[in-house]
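A.B. asks: Below is a structure I'd like to ask you about.
The values are calculated or read from the model by the stated rules, or taken from the named source; none is laboratory data. All figures in this text were calculated on a predicted structure; none of them were measured in a lab. Positions of Cβ are generated from backbone atoms using ideal geometry, with glycine treated the same way; all protein chains shown enter the neighbour counts. Please note that ligands, DNA and RNA were not included when accessible areas were found on the heavy atoms of the full protein model with its side chains. Shrake-Rupley method; radii C 1.70, N 1.55, O 1.52, S 1.80 Å.
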Amino acid sequence: MNAEKDERRPGGELEAAVLAALWAADTPLTPAQVQAALDSGLARTTVTTILSRLHEKGTLHRERQGRGYAYRPVHDPHGLTALRMHGELDRDSDRQTVLARFVAQLSPDDEQVLRRLLEEGP
């Protein structure tokens, strides 16, 4: 057996690679197309599982294509980061304390950007 194929990679690493392939594409991709774009030796069933999980999380939109699906990201990379930040914030019942600690840890430059965005809007 090939030792490299037996090594398990963190799920987040695989999801990030799949998302990068989808962001690089101009159109929705099928699992086979994502597999080819990754050029990593992943089985198509593995790629399909990752795509399905990302769809269940609301990260990907899928549309019927033939007997299967083609996938595209719901958000660009920045939008996905913002969505994840909101998700983390929603996990804590004391939003004010979480936000206060987040702001307290901002660099001066990031604090200025945040102040400007809050005053002017995005």
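A.B. asks: Count the net charge of all other residues whose Cβ sits under 14 Å from the Cβ of Arg62, scoring Lys and Arg as +1 and Asp and Glu as -1. Don't skip to the answer; put the middle values down first.
C.D. replies: On the way: positive: Arg53, Lys57, Arg64, Arg67, Arg72; negative: Glu56, Glu63.
Cβ neighbours under 14 Å give a net charge of +3.
A.B. asks: Right, another one. Give the accessible surface of the chain per residue, rounded to a whole number of Å², with probe radius 1.4 Å and ligands, DNA and RNA excluded. Before the final figure, lay out the partial values.
C.D. replies: Numbers: 9240 Å² over 122 residues.
Here the per-residue accessible area is 76 Å².
A.B. asks: Related question: What accessible surface, in Å², does a 1.4 Å probe find on His86, ignoring ligands, DNA and RNA and rounding to the nearest 10?
C.D. replies: 110 Å²
A.B. asks: Just the accessible area for Asp76, please: 1.4 Å probe, Å², rounded to the nearest 10?
C.D. replies: Accessible surface of Asp76 is approximately 80 Å².
A.B. asks: Roughly how many Å² of Val47 are accessible to a 1.4 Å probe, to the nearest 10?
C.D. replies: Taking all protein chains as shown, Val47 has close to 0 Å².
A.B. asks: How high is the relative contact order of the chain, in percent, counting Cα pairs under 8 Å that sit 6 or more residues apart?
C.D. replies: So the answer I get is 19 percent.
A.B. asks: When the accessible area of the chain is split by element with a 1.4 Å probe, what percent falls to carbon and sulfur? Mind showing how you got there, number by number?
C.D. replies: On the way: 4610 of 9240 Å².
Heavy-atom surface of the chain belonging to carbon and sulfur, 1.4 Å probe: 50 percent.
A.B. asks: Restricting attention to the stretch 58-122, which trypsin sites (Lys or Arg not before Pro) occupy a DSSP loop and are surrounded by at most 14 other Cβ atoms within 10 Å? Before the final figure, lay out the partial values.
C.D. replies: On the way: sites: Arg62, Arg64, Arg67, Arg84, Arg91, Arg95, Arg101, Arg115, Arg116; in loops: Arg67, Arg91.
Sites meeting the loop and neighbour criteria: Arg67, Arg91.
A.B. asks: Residues with beta-carbon under 10 Å from that of Tyr71, excluding Tyr71: net charge, scoring Lys, Arg +1 and Asp, Glu -1?
C.D. replies: Working: positive: Arg62, Arg72; negative: Glu63.
Charge balance in the 10 Å sphere: +1.
A.B. asks: Now, a different point. 7 Å from Cα along Cα→Cβ at both Glu56 and Asp110: what's the point-to-point distance in nm?
C.D. replies: It is 3.2 nm.
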